[in-house]
1. Only Cα pairs under 8 Å and at least 6 apart count here; give the relative contact order of segment A:85-204 as a rounded whole percent.
2. Which whole-angstrom value gives the distance between the alpha carbon centres of segment A:132-200 and segment A:80-116?
3. How much length, in nm to one decimal, is gained on full extension between A:E62 and A:E108, taken as 0.36 nm per residue of separation minus their Cα-Cα distance?
4. With a 10 Å Cβ neighbour count serving as the proxy for reagent exposure, in which order, fewest first, do A:D124, A:D101 appear?
5. Need one value for A:78-87: mean number of C-beta atoms belonging to other chains within 10 Å of its residues' C-beta atoms.
6. Would you grab the residues whose amide H sits under 5 Å from the one on A:I180? Only those 5+ places off in sequence or on another chain, please, with H modelled 1.01 Å from N.
7. In sequence order, what are the phi-derived ³J(HN,Hα) couplings for segment A:21-33 according to the Karplus relation 6.51 cos²θ - 1.76 cosθ + 1.60 with θ = phi - 60°, rounded to whole Hz, with x for glycine and proline?
8. Compute all pairwise cysteine Cβ distances in chain A, then list the cysteines with no distance under 4.7 Å to another cysteine.
Amino acid sequence: MSILSRLFARSRKTRVTIGILGAPNAGKTTLANRISNECGNGEPLGVVSPVPHETRDCKALEHCVISDQNGSLDLTIVDTPGIATSIDYREFQQHGLTRQDSIQRAKEATRGVIKAIQSLDKMDAAIVVVDAARAPFDQINWTVIGNLEARRIPIIVAANKSDLTEADPELVKETFQSDIIPISAKDGTGMNELYGSILSVSGM
Amino acid sequence: MDLRINFVTENTTRKMNSTQKCDFIISKLKTDCVLVFEGGLNPEEEAALIEEAMTQIDHQEFLGYKILNPTPLRMNGLFSRKNVRMTVIAPYNYEHLSIALV
């Protein structure tokens, strides 16, 4: 158990709010939808799209219960918009949106990024989703992790898209010098390990 | 467009609070400056800068920025960011300008 896990374990919470954070298109909503589905909720939490900033508001799934031999945990899962330092409406045009729709989407995306940043104060723990199929040196990951650390919020780093041949979870591990969980939110690989880690950081 | 590089010493930023630092950075970015900060920004300042930048993106002239803290960071060990020695921030609008850790 990591130092952060032990710190969090002291509180022995049975209701925990977990934020899903990361850069755009890392697979946060795909992960949220998988957790939602595996918790028995019939509805997906959000729409998954190759267009960046599809998620532009924080969406919460309450009463997702996971358990092991030590007990149960009542989770609130919060899917957050991707955090970015720039929003370029022309990127949306490249995905077929009109200029007017692209600018409107960009405006909504800027508000979404602010909401994601502000959500950092409302979490008991966080899953930082990193796209393992891309070089993980994006400064956003460090900004998010640094802010979570400063708030003493336990962190789980999920190296997503491990089903892709170009994925390199070891590079993610090497970069963050920490235990990471290789997952594929798309096909479900690594989800049991992720749930185990959630229970662990929650003191179960 | 002419691109300028400004080296910002710790002496310049020492007396600035987070809001003043964000205002300073964004005003410089809007005049096509690349900023190299001695001492770097801490994660909270980076988050504040993101928030402020998002409120100022106008979808015409200012679209945000690119940022890099080149010092390798370690997740193990709280407050390890004290090892960071500089932060590079560039206007996003320079499409052919890339800042990267290689």
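1. Computed over segment A:85-204, the figure is 20 percent.
2. Between the Cα centres of segment A:132-200 and segment A:80-116 lies a distance of 24 Å.
3. The A:E62-A:E108 span can extend by a further 14.1 nm.
4. Sorted ascending by nearby Cβ count, the order is A:D101, A:D124.
5. 4
6. Answer set, sorted by chain and number: none.
7. The phi angles translate into 10, x, 6, x, 6, 7, x, 5, 6, 4, 5, 4, 5 Hz.
8. Singleton cysteines: A:C58.
Coordinate-derived values only; no laboratory data. Computed from a predicted structure; not experimentally measured. Cβ: placed from backbone, ideal geometry, glycine included. Neighbour counts: every protein chain shown.
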